[in-house]
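Every number in this text was worked out from the coordinates using simple rules, so none of it is lab data. Just so we're clear, the structure is a prediction, and the values are computed from it rather than from any experiment. Backbone-built Cβ (ideal geometry, glycine too); neighbour counts: all protein chains shown.
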Amino acid sequence: MNPDWAHQGLRLVRYRISEFVHMCAIYLGIAVLVTIAAGLVVPSIREQARQLYSVMVDALRPEVLNNDNFAQFAWMMPDANKEEATEEGNEPPPPIEEEVVEYSAYQGFVDTLQRTVAGANVNSISKTQFQALRSYIARKYKIAHSVSGALVQTAFTVGAEKRIDPQLILAVIAIESSYNPFAESHAGAQGLMQVMTRVHRDKLENYVERELAVFSPEANIRAGTQILYDCRKRRGSLTGALACYVGATGPSDGGYGARVLAERRRMALASGIPIRD
């Protein structure tokens, strides 16, 4: 073998080995640097995460919610924590009051009047009976035919709610006011059923008109029927209820009950609607 070729081959091998060792040293150095950096950075991140977790846990403890910084959230806590939150004078916000719905006493009767003019009928009686009753009232008490129909509609609606004969309600109206919605007695009773406004103010308080609602046909019939219902419940009989309604305290009602019942019979005969007791 030529000595020169052998020498060159040996030098090439040494070069390759040194190049390989050099590359290994570079990669080893990089690995060492990455290991050192990870050792420095990871514990720091871990420590930060641990601190953040501790802060969150402390902030969510019930006792922390009692301090001034969290007093505004006391209303969101369970009842037990609410009691703790108020120990130091941090009162929870007051409960939201339910809105009282008020409506016009006159709008309801206007709607009933419009339905009557459009041809609406009372469900519990025939159309012939309805027409006969409204005609009897309109003719005898000299009121508009459409208005008498609306009053019959209202009496049957309210009477069904209170289980009181609608023709009894209509008869009370006849005796009390002769169907004058603006009538007023010397004692201060007002409207169709002569309601004593100063005594029964509570029965008108849900209307925007308050005491002036007594002149609304619907509001007055509702208030008067409620009074009649309470009287019947208190006295236990129809005659006793009528005596109570007129304000009789003794054994005699001055013939008031007899007049009401007589008018109811006349209405029943004119309309063909059976009397309901």
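For the pair Asp277 and Ser126 in one chain, pulling the backbone fully straight at 0.36 nm per residue adds 52.4 nm over the alpha carbon distance. Per-residue Karplus couplings for the range 195-209, computed as 6.51 cos²θ - 1.76 cosθ + 1.60 with θ equal to phi - 60°, are listed in order as 7, 7, 4, 5, 8, 10, 4, 5, 7, 10, 6, 7, 9, 5, 7 Hz, Gly and Pro entered as x. Stretching the chain fully between Leu12 and Val110 yields a gain of 23.7 nm (0.36 nm per residue, less the alpha carbon separation). Taking 0.36 nm per residue of sequence separation and removing the Cα-Cα distance, the Lys140/Val117 pair yields an extension gain of 6.3 nm. A DSSP coil position with no more than 14 other Cβ atoms inside 10 Å describes the following trypsin sites (Lys or Arg not before Pro) in the range 116-213: Lys142, Arg163, Arg198.
Here each label is just a point 7 Å from Cα along the line to Cβ, and for Arg266 and Thr239 those points are 2.2 nm apart. The chymotrypsin sites (Phe, Trp or Tyr not before Pro) of the range 115-187 that meet both conditions, a loop assignment by DSSP and at most 12 other Cβ atoms within 10 Å of the site Cβ, are Phe182.
How high is the FRET efficiency from Arg198 to Ser178, r the C-beta distance, R0 25 Å, rounded to 0.05? E(calc), rounded to 0.05, equals 0.65. For the pair Met23 and Glu161, how long in nm is the line joining their label points, each one 7 Å along Cα→Cβ? For the pair Met23/Glu161, the computed spacing is 9.8 nm.
Model label points for Asp230 and Ser252, set 7 angstrom from Cα along the Cα-to-Cβ axis, are 2.8 nm apart.
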